[in-house]
1. Report, ordered by the first and then the second residue, all pairs with beta carbons closer than 9 Å, sequence separation of six or more or different chains, a first member in segment 86-100 that is surrounded by 10 or more Cβ atoms within 10 Å (Cβ to Cβ), and a second member that is modelled with pLDDT under 75.
2. Counting only residues that are more than 27 Å from the chain's Cα centre (by Cα) and exposed (fewer than 12 other Cβ atoms within 10 Å of the Cβ), which one in segment 1-15 is modelled with the lowest pLDDT?
3. Scan segment 66-78 residue by residue and report those that are closer than 16 Å to residue 88 by Cα and either among the β-branched types (Val, Ile, Thr) or outside any loop (DSSP other than H, G, I, E, B) (or both).
4. Name the residues in segment 16-35 that are exposed (fewer than 11 other Cβ atoms within 10 Å of the Cβ) and either over 26 Å from the mean Cα position of the chain (by Cα) or assigned to a helix (DSSP H, G or I) (or both), would you?
5. Is there a residue in segment 43-65 that is not in a loop (DSSP other than H, G, I, E, B) and not aliphatic (A, V, I, L, M)?
Amino acid sequence: MSNRISTDEVAHVARLARLQLTQGELERFTEQLGDVLEHAADIEALDLDGVTPMAHPLPLANVARPDTVRPSLDRDEVLSQAPAVEDGRFKVPKILGEEL
């Protein structure tokens, strides 16, 4: 990539991000960002005609078991053990630490 990013451009981005960089950091980050942008340009230059886009490099399958109805705890029995109940549900404070 012939048009590498300049130190002034990195300093401008740092100011926008409200970062204070030392001169050494500025030089190091200019070099690193230039390398990243050069790599991005290499990828952009690839001929990807006929390549199917994908979200993940490996095939994925849903590993969750199917939902099945089965016996569970009795709602009334569980709610009878709760410190506070409202409309058949647990009543909890709106804000943590607030008393019911």
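The values are calculated or read from the model by the stated rules, or taken from the named source; none is laboratory data. Being a predicted model, the structure only gives us computed values, none of them experimental. Cβ atoms come from the backbone with ideal geometry, glycine included; neighbour counts cover every protein chain shown.
1. Every condition considered, the pairs that remain are 91/100; 92/100; 93/99; 93/100.
2. Applying the filter and picking the extreme gives 2.
3. Listed by number, the residues that qualify are 75, 76, 77, 78.
4. Matches in segment 16-35: 16, 22, 23, 24.
5. yes
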